[in-house]
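The values are calculated or read from the model by the stated rules, or taken from the named source; none is laboratory data. None of these values were measured; they are calculated from a predicted model. Here the Cβ positions follow ideal geometry from the backbone for every residue, glycine too, while neighbour counts run over all protein chains shown.
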């Protein structure tokens, strides 16, 4: 079977359905917030009638039959549906208990719910929702809600996931369900070879931080250098951000055909410069994604969007250059750009291919959110196969595009507003390295307090760092008593005057960790302008300067900075050799003297006091600071081994639930972050490059019987091969 262009064929319906599942609002009290779905259908009115269920359908049951009460409780709900083929069916289920509205998750019950996926066979299917752990109410306010998140099957001919529907038949209570015959067990299953994986610091292409908030890696190369990587996000300044209006139907190609000089002309997209986020040091940077906060006057039921980004001219990712060389009118000078395209109609991939365009990397089909509401986040990820071809110029751009939106009645929504944006990227550098000094500081920061309470300022001297050490990275260990959510922070440092006239450096735009949890590890890689340069002149002022970290926002008021780790290299000693002195009587021995480098650009006595830039915290007296010098280990945790290829949820099986979880972790990482073991297991395509939708599709292919388990791990090239 030919799998041409397979990497671009991850069906937008499948992806958007998973995103829809991950963005369904939690239920509050007795009234579920389901305005984004199709109008509810009474379960009683559906009895005996075959009612189609597809993505977005919602069935609401107002009350239990009269025979059930506290003395005769409902222990289970049995759902009966009919399917016309073998399919994957993902559903959500919420119910009112005696105290709260609860949502079903694969591992139990909680206030959010993750959606549950089952495999249905052609014909009549029944599955059980166990309520035995819940204490239900039996009055006029009791209700439960059953939702279809997605319903699809894998099509071998098109290599696509195809959206379909099932027919709902009935709800039944407390009945036994025949599980059918057990399949014959494999008496001698073939276990593939296990590969030892060295943890790389939980690198996340989707920008969300996973278990324990770790998003960095450090490797001592053993040759006087170290390779450090950190995935971080930077958000634009919310206080000064000007709302950006996007109007569907008016893209750049429209204005190529219909030129306009109106500066306020409607446009469906906005290009953000990397420098708009304060990102100016592009050394070793790979852009991962952009997340936009979207506001709409009307409730949005469906929100369709896409993205684009600057790439190297003529590279395999340059979709505009492909149009240029195919002779598409208006594209005579196009290039340097990758862009998503629609799946059908004018301007789609198929449309351009019919015109002779040969895309080396098939463009994506964009994203789709169901039940978005009036204020939500829309996330666009740079495709993994595009990332190697990105440019490294701070003035280059990433684009967010509004393609289509409608309300629950199908009425189109003309415009939406971008209220803020977050850019996620990974920075990797190889730098000189001697050692790491770790210092316990145990300082509380409160973002609702005074400047002194928001900031921790500490001298490099107290961290065991002096002018003989060049600093290349600093790590902060953060803990909190509750979930921090989005942690917004920034780091500043005292510097030489050659860097800044006021002896202080702090990047524009705040950093943030998305989904930090209650524990986070922040790895700050020192920007090139402040790090030791090729002549080993240390431009961070470690002689009498200070380091500052500020906590500016989080869902919890206070966090604690437990430890600070400084990664440094010893500045080389300057050696001066005097010329030999000779006389007519006897030769004079050459004298060699060794001295430390002297910085003449800014005498210490003339530096502006650092304490005027960053308030010193009173929470942690200097006398309580404990400084220890230790050699930073090559790895900070034991290497993990793949326990089962494709097992994203770590339940010992590989099935459609794993593919679903991978897509949910991409669509809503705050809620569905994979465990570290799950990340390693699920990275089945181009292993080591991080989790992408291609990994989910490969797992779906295995579940559908298209590929064998023994083919894992695989590559994109192999998936494209015969």
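Given the criteria more than 30 Å from the chain's Cα centre (by Cα) and without any contact (Cβ under 8 Å) to a residue 40 or more places away in the chain, does residue 496 qualify? Talk me through it step by step, then tell me what you get.
Working: more than 30 Å from the chain's Cα centre (by Cα): yes; without any contact (Cβ under 8 Å) to a residue 40 or more places away in the chain: no.
So residue 496 does not fit the description; no.
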Legend entry - Failed criterion for residue 338 (all others in (1) in contact with a helix residue (DSSP H, G or I) (Cβ under 6 Å, 6 or more places away or on another chain); (2) part of a loop (DSSP other than H, G, I, E, B) hold): (2)
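From the list 626, 706, which one is at pLDDT 80 or above and surrounded by fewer than 24 Cβ atoms within 10 Å (Cβ to Cβ)?
Numbers: 626 fails: at pLDDT 80 or above.
Going through 626, 706 in turn, just one is at pLDDT 80 or above and surrounded by fewer than 24 Cβ atoms within 10 Å (Cβ to Cβ): 706.
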Inset, instruction - Would you check which residues across the stretch 349-395 are part of a loop (DSSP other than H, G, I, E, B), over 22 Å from the mean Cα position of the chain (by Cα) and within 28 Å of residue 299 (Cβ to Cβ) and list them? - result: none
Inset, instruction - Give the number of residues within the stretch 680-694 that are assigned to a helix (DSSP H, G or I) and modelled with pLDDT of 90 or more. - result: 3
Inset, instruction - Considering (1) over 16 Å from residue 384 (Cα atoms); (2) modelled with pLDDT of 85 or more; (3) surrounded by fewer than 23 Cβ atoms within 10 Å (Cβ to Cβ), say which one residue 671 fails and leave the rest. - result: (2)
Inset, instruction - List the number of the failed condition for residue 416; all other conditions in (1) at pLDDT below 95; (2) farther than 25 Å from residue 560 by Cα hold. - result: (1)
Legend entry - Residue under evaluation residue 442, criteria (1) part of a strand (DSSP E or B); (2) crowded, with 17+ Cβ neighbours inside 10 Å, criterion not met: (2)
Legend entry - All positions within the stretch 500-517 that are assigned to a loop (DSSP other than H, G, I, E, B) and surrounded by 16 or more Cβ atoms within 10 Å (Cβ to Cβ): 500, 503, 507, 509, 515, 516, 517
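Would you please name the residue that is surrounded by the most Cβ atoms within 10 Å (Cβ to Cβ), looking only at residues in the stretch 71-83 that are part of a loop (DSSP other than H, G, I, E, B) and in contact with a strand residue (DSSP E or B) (Cβ under 8 Å, 6 or more places away or on another chain)?
Filtering the stretch 71-83 for residues part of a loop (DSSP other than H, G, I, E, B) gives 71-75.
Checking the rest, the ones that are also in contact with a strand residue (DSSP E or B) (Cβ under 8 Å, 6 or more places away or on another chain) come to 73-75.
Working: 73: 16, 74: 20, 75: 15.
Within the stretch 71-83, the match that is surrounded by the most Cβ atoms within 10 Å (Cβ to Cβ) is 74.
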Legend entry - Only listed residue being without any contact (Cβ under 8 Å) to a residue 12 or more places away in the chain, surrounded by 15 or more Cβ atoms within 10 Å (Cβ to Cβ) and out of contact with any helix residue (DSSP H, G or I) (no Cβ under 7 Å at 6 or more places or on another chain), chosen from 324, 387, 401: 324
